[in-house]
Amino acid sequence: MGLKKTDCRGKKIEKILENDHLILLNILKPTRINPINSELSFVDLSFANVSLAQRTKWNVLSNLTSSDHFSIVIQIIPRYSDTCIITKR
């Protein structure tokens, strides 16, 4: 399941994340199944900026549809100020 070390492509992604202040949202759940040998991999990546990343919940659905990739769900959690109704006095 996934690589045990970071290769040159992974290091390029890390550099992009650092330079643009992006956060990788993925958790340790595979996003693809190889139809030939049923090996799972982590090839689909999701990114967000720092302020949005704090308000997201990232998950992979366990059922496959017509693809070898699992569906990814990114939930944005509203801030208190987004849901609070302010009444005038």
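The values are calculated or read from the model by the stated rules, or taken from the named source; none is laboratory data. The structure displayed is predicted, hence computed values, not measured ones. We place every Cβ from the backbone using ideal geometry, glycine too, and count neighbours over all the protein chains shown. When the accessible area is computed, the model is the full protein with side chains, heavy atoms only, and any ligands, DNA or RNA have been set aside. Shrake-Rupley method; radii C 1.70, N 1.55, O 1.52, S 1.80 Å.
The listed residues Thr65, Thr31, Thr6 rank as Thr65, Thr6, Thr31 when sorted by accessible area, largest first, using a 1.4 Å probe. For the chain, adding -39500 (n - 2.57) for each run of n ≥ 4 DSSP H residues and dividing by the number of residues yields -5500 deg cm²/dmol at 222 nm. Once the C-beta distance of Val73 and Glu14 is scaled by a Förster radius of 41 Å, the resulting FRET efficiency is 0.95 to the nearest 0.05.
Per the Cα gyration tensor, the stretch 37-84 maps to an equivalent ellipsoid with semi-axes of 29, 12, 7 Å, ordered largest to smallest. Extension gain for the segment Lys57 to Leu24, taken as residue separation times 0.36 nm less the Cα-Cα distance, is 10.7 nm to one decimal.
Applying Stokes-Einstein at 4 °C and 1.567 mPa s to the Kirkwood radius of the chain, computed over alpha-carbon pairs, gives a translational diffusion coefficient of 84 µm² s⁻¹. Ranked by solvent-accessible area (1.4 Å probe, protein heavy atoms only, all chains present), the residues Val60, Val73, Val43 order from largest to smallest as Val43, Val73, Val60. Computed from Cα positions, the angle between helix 8-19 and the longest principal axis of the chain comes to roughly 10 degrees.
Assuming charge only on the beta carbon of Lys and Arg (+1) and of Asp and Glu (-1), the dipole of the chain about its Cα centre is about 380 debye to the nearest 20. Counting Lys and Arg as +1 and Asp and Glu as -1 over every other residue whose Cβ lies under 15 Å from the Cβ of Arg32, the net charge comes to -2.
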